[in-house]
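Presented below is the structure to which this report refers.
The values are calculated or read from the model by the stated rules, or taken from the named source; none is laboratory data. Just so it is clear, the model here is predicted, and its values are computed rather than measured. Here the Cβ positions follow ideal geometry from the backbone for every residue, glycine too, while neighbour counts run over all protein chains shown.
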Amino acid sequence: MALEEYRRKRDFKKTPEPTGDAGKVTRAKPRARFFCVQKHLASHLHYDLRLEHNGVLMSWAVPKGPSLDPRTKRLAMHVEDHPVEYGEFEGVIPEGYGAGIVLLWDRGTWTPEVDDVDAALKKGDLKFTLDGYKLKGSWVLVKTSGRYAGARGGEGRTWLLIKHRDDWSGELDITEFAPKSVTSDSDFDEILAEDTPAIWQTNRPAKTGETGAMLEEIIERAAKLKAERRTTQKPQKSRRKKK
């Protein structure tokens, strides 16, 4: 997918997300390919897997997040390509498409286990190795023509993210064990507390169900963090010495 779809869905006058202008993507010399996973609380909590390829970040939304267990096949919905600089983004999308909180859950480099990435994508079977803080070892993205619970959208978008059995696989739930940001060691409430109030103007995250309850709790914790910070940052009244 080209970045036109990414730009079409966003109003860059209202969101801090990068535009991905062509002039910003430069490569002085070949280097390891970047990958990241961004934990995103929008209409639903999900994890965005992004793999750098041909000057953009190929992206898959993984509703339940990656699993280290080879027996667990995680739904991964193919979404529009994102700019490479988006891979370092962490913060609040105030309104519009994808409104919510973004946390940089993992990042590192990835290496294809195939000679031709484009051919593997077309075939629907992309094998690769991750070297991140939380995700390592061999993985595969497999395209499927079937319908899976939670899958929404057009045909050809449904993939499965599967961990291969190796030294980095296991039954540990990595999303529960290591929920915070790899750059700021923050959770959603701490990221929200650092931003300005009234950040959701339109397309707000769901207010009902499990996601809505999670959002309400995060907002409450963020408000407490802000209040505590204001209290500790109040300037002390200066005391003048009497002559």
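Just to be sure, is Pro83 at pLDDT below 70 and either within 28 Å of Asp167 (Cα to Cα) or in contact with a Pro (Cβ under 9 Å, 6 or more places away or on another chain) (or both)? So Pro83 does not fit the description; no. Within the span defined as segment 69-87, every residue fails to be of a type in the set (Phe, Trp, Tyr), in contact (Cβ under 8 Å) with a residue 40 or more places away in the chain, surrounded by fewer than 17 Cβ atoms within 10 Å (Cβ to Cβ) and outside any strand (DSSP E or B). When restricted to residues that are within 12 Å of the chain's Cα centre (by Cα) and of a type in the set (Ser, Thr, Tyr), segment 46-86 contains 3.
Inspect segment 136-159 for any residue being at pLDDT 95 or above and within 18 Å of His40 (Cα to Cα) and give the result as yes or no. Within segment 136-159 (the criterion being at pLDDT 95 or above and within 18 Å of His40 (Cα to Cα)), the answer is no, since none of the residues qualifies. Just so you know, in segment 30-45 the residues that are outside any strand (DSSP E or B) and more than 13 Å from the chain's Cα centre (by Cα) include one that is farthest from Ile101 (Cα to Cα), and it is Pro30.
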